[in-house]
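Before any comments, here is the structure.
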């Protein structure tokens, strides 16, 4: 297993967004830098995923497909075993990714110009979706206490009192890497219930968990706290399957799910890719040991970066994340503008995600992808050493 994750896979020439499209989106020519921006990993899929895909390819007929009982039970059993969550088949609403689901939920549950809240800094696509559904963005800034982030519940409640209609809750949080505690998750859900705010929780990072307290899902709330709630779950990050574009959005309240169901039918999202269904079903059934070993490998990468930052860098801070394979590095003490910081790391031959893309609270930060073989991370560190020391 260690050997497989150490293996460097050449992703150039595969239409890979992260490797092949740096020049198109970032102006960086191919081969000039190591990409560390897009949040997918560079590990080869295990045989328990590729084998059923090969069987589908060998069959050779690619018609319309539906979700069978084993598809539902594989996800239900995984979430029961790993997260002590009891899912129900009738809660499932399957879409081609989490962001389409979130966009359709905003269109279903809110009106144009309604206020939608996120906790800043946060995954940049949330901003884009709120803007393009013509909703009004409201930010509640996370509290950064020497690198450890927490929720400002006083500010959150104040924003709710001022008319917020929906909240997008990143749990675990991208980019700051927090696994919110049971107490924090419960308080968010209680406030949403108290003020009638729709809660849309993105929990696709749930299985990449390094925390001591362990991930706690919104779907473990008491029934009355789940009446205006949707939770997006996926194997995307767990098994490295973003290419298959499959998210299951859980909505416990059937009445509140009705508008989304109508949208899914209107947009023709009622049949699915047989390849996507096969990959996900097999992964959930056979992937437990592999996921545990991959998370352990990612933790080694975190320790490697932490040692570099703590022992060699005086103006950069890194608080090891509790989730995700995305390191959130605080470079503000370097005294550079975002443009200067971006040029500095780009000249070193590393392309991270710049923190300002995650909201104004990300200014002066970079997000570095650690989901790669150790040798690639060592090369990233070698290059960053030349400019960050």
Quiz prompt | Test: residue in the stretch 84-92 that is in contact with a helix residue (DSSP H, G or I) (Cβ under 8 Å, 6 or more places away or on another chain), on the phi > 0 side of the Ramachandran plot and surrounded by fewer than 19 Cβ atoms within 10 Å (Cβ to Cβ) | solution = yes
Quiz item: Could you say which residue among 200, 204 is over 26 Å from residue 371 (Cα atoms), surrounded by 19 or more Cβ atoms within 10 Å (Cβ to Cβ) and in contact (Cβ under 8 Å) with a residue 60 or more places away in the chain?
Solution: 200
Quiz prompt | Residues located in the stretch 315-330, provided they are out of contact with any helix residue (DSSP H, G or I) (no Cβ under 6 Å at 6 or more places or on another chain) and either modelled with pLDDT under 95 or closer than 19 Å to residue 351 by Cα (or both) | solution = 317, 319, 324, 326, 328, 329, 330
Exercise. Mind counting the residues in the stretch 45-83 that are free of Cβ contacts under 8 Å to residues at least 24 places away in the same chain and surrounded by 15 or more Cβ atoms within 10 Å (Cβ to Cβ)?
Key: 3
Quiz prompt | Which numbered condition residue 209 fails, given (1) surrounded by 22 or more Cβ atoms within 10 Å (Cβ to Cβ); (2) within 27 Å of residue 353 (Cβ to Cβ) | solution = (1)
Practice problem: Answer yes if at least one residue in the stretch 252-261 is within 19 Å of residue 75 (Cβ to Cβ) and part of a loop (DSSP other than H, G, I, E, B), and no otherwise. | Solution: yes
Exercise. Go through 371, 357 for me and flag whichever is under 24 Å from residue 291 (Cβ atoms) and at pLDDT 95 or above.
Key: 371
Quiz prompt | Segments classed as strands (runs of 3 or more DSSP E), wholly inside the stretch 121-174, with at least 2 members that are over 18 Å from residue 358 (Cα atoms) | solution = 164-170
Exercise. Give the residues of the stretch 84-107 that are touching a strand residue (DSSP E or B) at 6+ places or on another chain (Cβ under 9 Å) and in a helix (DSSP H, G or I), sorted by residue number.
Key: 91, 98, 99, 100, 101, 102, 104, 105, 106
Self-check item: Selection from the stretch 324-358 of residues that are over 25 Å from residue 378 (Cβ atoms), free of Cβ contacts under 8 Å to residues at least 24 places away in the same chain and surrounded by 18 or more Cβ atoms within 10 Å (Cβ to Cβ)
Solution: 356
Quiz item: surrounded by fewer than 19 Cβ atoms within 10 Å (Cβ to Cβ) and under 26 Å from residue 374 (Cα atoms) - does that describe any residue in the stretch 249-271?
Solution: no
Quiz item: Taking the stretch 5-44 only, how many residues are assigned to a loop (DSSP other than H, G, I, E, B) and either more than 15 Å from residue 372 (Cβ to Cβ) or touching a residue at least 24 places away in the same chain (Cβ under 8 Å) (or both)?
Solution: 23
Exercise. For the stretch 129-139, indicate whether the set of residues that are closer than 18 Å to residue 366 by Cα and assigned by TED's automatic domain parsing to the domain that holds residue 179 is non-empty.
Key: no
Quiz prompt | Residue satisfying condition, being buried (at least 19 other Cβ atoms within 10 Å of the Cβ), assigned to a loop (DSSP other than H, G, I, E, B) and not assigned by TED's automatic domain parsing to the domain that holds residue 148, within set 315, 361, 321 | solution = 321
Quiz item: Just one of 100, 35, 29 is crowded, with 17+ Cβ neighbours inside 10 Å and outside the structural domain of residue 262 (by TED's automatic domain parsing); which is it?
Solution: 35
Self-check item: Count - residues of the stretch 377-389 that are modelled with pLDDT of 95 or more and buried (at least 19 other Cβ atoms within 10 Å of the Cβ)
Solution: 3
Practice problem: Could you pull out the residue among 279, 266, 258, 230 that is assigned by TED's automatic domain parsing to the domain that holds residue 84, touching a helix residue (DSSP H, G or I) at 6+ places or on another chain (Cβ under 9 Å) and without any contact (Cβ under 8 Å) to a residue 12 or more places away in the chain? | Solution: 258
Exercise. Go through the stretch 1-18 and give me each residue that's within 20 Å of residue 294 (Cβ to Cβ) and surrounded by 15 or more Cβ atoms within 10 Å (Cβ to Cβ).
Key: 4, 5, 11, 16, 18
Quiz item: Looking at the stretch 41-62, is at least one residue touching a strand residue (DSSP E or B) at 6+ places or on another chain (Cβ under 7 Å) and either modelled with pLDDT under 95 or outside the structural domain of residue 372 (by TED's automatic domain parsing) (or both)?
Solution: no
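The values are calculated or read from the model by the stated rules, or taken from the named source; none is laboratory data. Keep in mind that this is a model prediction, so the values were computed, not measured. Note that we place each Cβ from the backbone using ideal geometry, even for glycine, and neighbour counts take in every protein chain shown.
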